[in-house]
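The values are calculated or read from the model by the stated rules, or taken from the named source; none is laboratory data. In this text, all values refer to a predicted model and were calculated from it rather than measured experimentally. In this analysis, Cβ positions are derived from the backbone assuming ideal geometry, glycine residues included, and neighbour counts consider all displayed protein chains.
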Amino acid sequence: MNHLHQAFSVRFTYTVFFTERLFETTNPLIADFLAQQATDQTRKKLLFVIDSGVVATHPDLLTSITTYFEHHTGLVDLVADLLVIPGGEVAKNEPAFVEKIVDAVDRYGIDRHSYVVAIGGGSILDLVGYAAAISHRGIRHIRIPTTVLSQNDSGVGVKNGVNYRGKKNFLGTFVPPVAVFNDSTFLTTLDDRDWRAGISEAIKVALIKDAPFFESIEASAPALASRDMAAMQSLVHRCAEMHLQHIAGGDPFEMGSSRPLDFGHWSAHKLEQLTNFEIRHGEAVAIGIALDTLYSQQLGWLTEADANRVLTTLRTLGFALYHPMLDANNSTGVLKGLSEFREHLGGQLTIMLLKQIGQGVEVHEMDADRIRQAIATLKTQELVNQ
Ligand code: NAD
């Protein structure tokens, strides 16, 4: 018998829209998008799942959504029950929330031509994207990210997921959204920690790919720290653009062992777990970037002056670059992050370091003593800077 060979590819396209006050009835963006998607066969339904932190800080949001779809009639059937789920990492840690969304999909008859719309930070988007992906083997989902991190990184990409027994993103899928709506109005209500946290993902991508982008973040760090919206909008736009380019450019579903955009993340993911998720993902990434920057300097790749520029920029933004869990038990906890990072991806351990500002380089091993040395430097510097 001849063997049978199979090969096909699937094309994905989606737009990341930038706007303000998305649900004001005079803003046609989302209505126009839905109108373009309409077919004459069936009316599509829209199930909203919303971050409780967004609802608390935007008390008119639920009414605005309802009013918007009353005004823009004939497009879709809005499910009147707007689900609100606790925002933050708890959304990904608590399995009952996946079930709550799947249950709503079932109860309200959301089929694969309908939409699940997530409004919230990266945690809620990851949760909702996952629940949508596994319901009926994949319901279209629309993302409306509301934090800096989700607007410039997680919300514009193709990954979703929840944590399993404390392990970050252990359950998840690769599924692109059908559209992303970045509304900068949401960013005005972030607390300072969440405003700052997402900037670390922009620094990460700039450091490994784009020196001029790093220079612009370095120059605008004081403005960003004082919550200048124009500076933030420009950072979010460039960072989102770089993420989209990266995803389209090579290995969108991470089939290989390399995950360049995870510079600084091997320790960050572990640190989140070790601190019981008390530090934000972006705060952990800032520490991870600092650690791998010092490690790159030790290897003789990054000059001391450039390493200092990185650390100074992070500190100007207000990031703390040391956490006691880094060197607890002779750093055994955080070092475990290396093997877990490899396991998550499979294949060979592949870690991104810095050859210079704007140029990442991959390595396949890291030396525990050098890591401890970098941690010790961060600890000493943090004491001096206090
Ligand atoms: P988050 O979603 O955990 O939200 C942080 C807090 O901000 C929560 O309390 C939330 O309720 C609140 N909040 C959200 N929007 C708000 C607003 N507009 N105003 C006031 N409060 C608001 O934080 P995050 O940094 O957006 O996301 C972190 C998560 O994203 C982590 O779980 C991380 O692993 C994940 N992530 C995923 C990817 C990916 O590719 N899928 C990439 C990077 C990070």
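Among strands (runs of 3 or more DSSP E) entirely within segment 1-118, having at least 1 residues that are assigned by TED's automatic domain parsing to the domain that holds Leu149 and within 16 Å of the ligand (Cβ to nearest atom) singles out 15-19, 44-51, 83-85. Answer yes if at least one residue in segment 92-111 is acidic (Asp, Glu) and under 22 Å from Thr188 (Cα atoms), and no otherwise. No: segment 92-111 contains no residue that is acidic (Asp, Glu) and under 22 Å from Thr188 (Cα atoms). On the basis of being modelled with pLDDT of 95 or more, surrounded by fewer than 12 Cβ atoms within 10 Å (Cβ to Cβ) and either of a type in the set (Val, Ile, Thr) or on the phi > 0 side of the Ramachandran plot (or both), does Thr63 make the cut? Yes, satisfied. Among all positions in segment 123-135, there is no residue which is within 8 Å of the ligand (Cβ to nearest atom), acidic (Asp, Glu) and under 23 Å from Ala231 (Cβ atoms).
Taken together, the residues in segment 219-268 that are assigned to a helix (DSSP H, G or I), hydroxyl-bearing (Ser, Thr, Tyr) and touching a helix residue (DSSP H, G or I) at 6+ places or on another chain (Cβ under 7 Å) amount to 2.
Could we say that Lys355 is assigned by TED's automatic domain parsing to the domain that holds Glu201, under 24 Å from the mean Cα position of the chain (by Cα), surrounded by fewer than 19 Cβ atoms within 10 Å (Cβ to Cβ) and of a type outside the set (A, V, I, L, M) here? Please lay out each step first, then the result.
Values: assigned by TED's automatic domain parsing to the domain that holds Glu201: yes; under 24 Å from the mean Cα position of the chain (by Cα): no; surrounded by fewer than 19 Cβ atoms within 10 Å (Cβ to Cβ): yes; of a type outside the set (A, V, I, L, M): yes.
No: the conditions fail for Lys355.
For segment 136-146, give me the residue count where each residue is within 11 Å of the ligand (Cβ to nearest atom) and surrounded by fewer than 24 Cβ atoms within 10 Å (Cβ to Cβ).
Of the residues in segment 136-146, the ones within 11 Å of the ligand (Cβ to nearest atom) are 143-146.
Among the residues that remain, those that are also surrounded by fewer than 24 Cβ atoms within 10 Å (Cβ to Cβ) are: none.
Within segment 136-146, residues that are within 11 Å of the ligand (Cβ to nearest atom) and surrounded by fewer than 24 Cβ atoms within 10 Å (Cβ to Cβ) number 0.
Pairs linking a residue in segment 261-287 that is in contact (Cβ under 8 Å) with a residue 12 or more places away in the chain to a residue that is among the hydroxyl-bearing types (Ser, Thr, Tyr), with Cβ atoms under 6 Å and 6 or more positions apart or on different chains, are Gly282/Ser200; Val285/Ser200; Ala286/Ser200. Scanning segment 7-25 for residues that are under 19 Å from Ala230 (Cβ atoms) and loosely packed, with under 12 Cβ neighbours inside 10 Å turns up nothing. Selection within segment 147-189: residues that are within 15 Å of the chain's Cα centre (by Cα) and among the basic types (Lys, Arg). The member of this set that is farthest from the ligand (Cβ to nearest atom) is Lys168.
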